[in-house]
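In what follows, a single structure is set out as structure tokens and then discussed.
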Amino acid sequence: MEEKASGGGTELTKGVHDRDLLSLMIKSNMSTTIPPEQRLSTEQMLNQIPTFLIAGHETTANGTSWALFALCNNPKHQTRLRQELIEAFPLDDSVPVTIESLNALPFLEAVVRETLRYHPPVEMSARVAEGDDIIPLDKPYVDRDGNLRDHIEVKKGDHFIIPIMVMNRSTEIWGPDGEVYKYAAFNHSMIPHAQG
């Protein structure tokens, strides 16, 4: 970063390190297309740094470990993935590994997506409502007073736990074998509610 001589603002110059998460967050926050009330404060941005470090390191390591564990338990699928990778990227290094070329590998994508579904890097998440709201429900429920509810009323300050792992293994969402690790058949049609 280099300080502007006038105006007291900060100007980020384009360089080798302009694509790291912190620089992207700062640039995005400085964008003139974002209303001032939606921008992060300096304190909020600083609070994100531990998240980058912990989430970026731990979640990647855990996800990789679970994917390798699943492949070790199924040599047939391990061989299938190895073959797909060798065909896409010959051992002579003649084909560069790019995001586009990795995204074109269907079985690799299936392994990654199913690993993230079955072994999410974060098993649950906590949130606090910043304002009053009403959340509509797909399926009504009967509350403890016997009233049928088709929405949840949220008040500012309410605390929520989002059970990511429970939802990712739900048989209501993923079908009768939702509790089974089944990356060999993973595709977008397996998510009935995601289709609309």
Mind telling me which of the residues Ser101, Ser94, Ser6, Ser23 ends up being modelled with pLDDT under 85, hydroxyl-bearing (Ser, Thr, Tyr) and assigned to a helix (DSSP H, G or I)?
-> Ser23
Determine, yes or no, whether Phe52 is closer than 24 Å to Glu179 by Cα and either touching a Pro at 6+ places or on another chain (Cβ under 9 Å) or aromatic (Phe, Trp, Tyr) (or both).
-> no
Top-ranked residue of the stretch 131-171 - restricted to ones that are among the β-branched types (Val, Ile, Thr) and open to solvent by less than 90 Å² (accessible area, probe 1.4 Å), ranked as nearest to Tyr118 (Cα to Cα) | Ile164
Flagged in the stretch 40-73 as open to solvent by less than 80 Å² (accessible area, probe 1.4 Å) and free of Cβ contacts under 8 Å to residues at least 40 places away in the same chain, in numbering order, are Leu40, Ser41, Met45, Gln48, Ile49, Pro50, Thr51, Phe52, Gly56, Ala61, Thr64, Ser65
Report whether or not Ala110 is closer than 20 Å to Trp174 by Cα and hydrophobic (A, V, I, L, M, F, W, C).
-> yes
Restrict the check to the stretch 75-88 and report whether at least one residue is at pLDDT 85 or above and either of a type in the set (Val, Ile, Thr) or not in a helix (DSSP H, G or I) (or both).
-> yes
Residues satisfying the stated conditions in the stretch 74-84, i.e. open to solvent by 70 Å² or more (accessible area, probe 1.4 Å) and touching a residue at least 24 places away in the same chain (Cβ under 8 Å) = Arg80
Which members of the stretch 103-117 meet the condition of being open to solvent by less than 60 Å² (accessible area, probe 1.4 Å) and hydrophobic (A, V, I, L, M, F, W, C)?
-> Leu105, Phe107, Leu108, Ala110, Val111
Screening Pro136, Pro192, Pro106, Pro120 for residues that are at pLDDT 90 or above and touching a Gly at 6+ places or on another chain (Cβ under 9 Å) leaves only Pro120
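The values are calculated or read from the model by the stated rules, or taken from the named source; none is laboratory data. If you're wondering where the values come from, they're calculated on a predicted model, not measured in any experiment. Don't worry about glycine lacking a Cβ; one is built from the backbone with ideal geometry, like all the others, and counts go over all protein chains shown. Just so you know, the surface numbers come from the protein's heavy atoms only, side chains and all, with ligands and any DNA or RNA stripped out. Shrake-Rupley method; radii C 1.70, N 1.55, O 1.52, S 1.80 Å.
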